[in-house]
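A.B. asks: Just passing along the structure, written as structure tokens.
The values are calculated or read from the model by the stated rules, or taken from the named source; none is laboratory data. This structure is a prediction, so every number in the text was calculated from the model and none was measured. When we count neighbours, we look across all protein chains shown, and the Cβ atoms used for this are built from the backbone with ideal geometry, even at glycine.
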Amino acid sequence: MRKGARLALPLLPAVGALGASFGVLARTAHIGALAAVVMSATTFAGSSQVAAVSVLGAGGGAVAAIVAALLLNARYAPIGISVAQSFRGSIAKRFVQSQLVVDESWALARGDLGVLLGVGTVLWFAWVGGTAAGAVAGQAIGDPSTFGLDGAFAALFTALLATQLGSRPRIAVAVAGAAIAAALIPFTAPGIPIIAATAAVLVGVRRR
């Protein structure tokens, strides 16, 4: 775990800053500071939290927010299967430990449970601490766009997407998903375009 904690240290500034951005976003969506912190502490999934809060803040329904969050977190199903054999002990213990499985901890662990828990623990504190700071300062900051915070997560998602565009089918899926979302935004409730855009994965099914 100490090795994992050391590996996570370079990620602290970015994770803390993103957590603060989420805290500010939550406050602008009229979510209380305590609720935002509790959500980060119990959910610990940045992209899904942002999706849910964004949908709710834009006036979307709870169902759309939950489905959008679940779709973004669907990748943790295969990730969870890949690390399941490393966990030992009672169901409660494994459940708590599995909360620390995030993209960074899984990637850095390379199958080492101690490293995974060390990375996950450090990033959990950074995320929750950043959320608390952003939520408390949210009212003082006012409009997040003043400081460019409204674009932080869009930039993050763009950076994550760029690493996935390694072949023509992947590019086709990305373009199709963007087209579906863009076409539906003017006519549907918030959250629906995100959900509908996942239909673009059928490009890969058709090719196979």
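A.B. asks: Write out, first by first residue and then by second, each pair whose Cβ atoms fall under 6 Å of each other, whose residues are 6+ apart or on separate chains, and whose first residue, in the stretch 109-120, is in contact (Cβ under 8 Å) with a residue 12 or more places away in the chain while the second is outside any helix (DSSP H, G or I).
C.D. replies: G114/M1; L117/M1; L117/L100; G118/M1; G120/L100
A.B. asks: Can you report the number of residues in the stretch 113-128 which are surrounded by fewer than 20 Cβ atoms within 10 Å (Cβ to Cβ), over 16 Å from the mean Cα position of the chain (by Cα) and of a type outside the set (S, T, Y)?
C.D. replies: Residues flagged as surrounded by fewer than 20 Cβ atoms within 10 Å (Cβ to Cβ), over 16 Å from the mean Cα position of the chain (by Cα) and of a type outside the set (S, T, Y) within the stretch 113-128 amount to 2.
A.B. asks: Can you tell me which residues in the stretch 1-25 are more than 14 Å from the chain's Cα centre (by Cα), buried (at least 23 other Cβ atoms within 10 Å of the Cβ) and closer than 21 Å to F157 by Cα?
C.D. replies: Result: A8, V24.
A.B. asks: Need the failing condition index for A36 against (1) more than 23 Å from P193 (Cα to Cα); (2) hydrophobic (A, V, I, L, M, F, W, C); (3) surrounded by 24 or more Cβ atoms within 10 Å (Cβ to Cβ); (4) at pLDDT below 90, just the number.
C.D. replies: (4)
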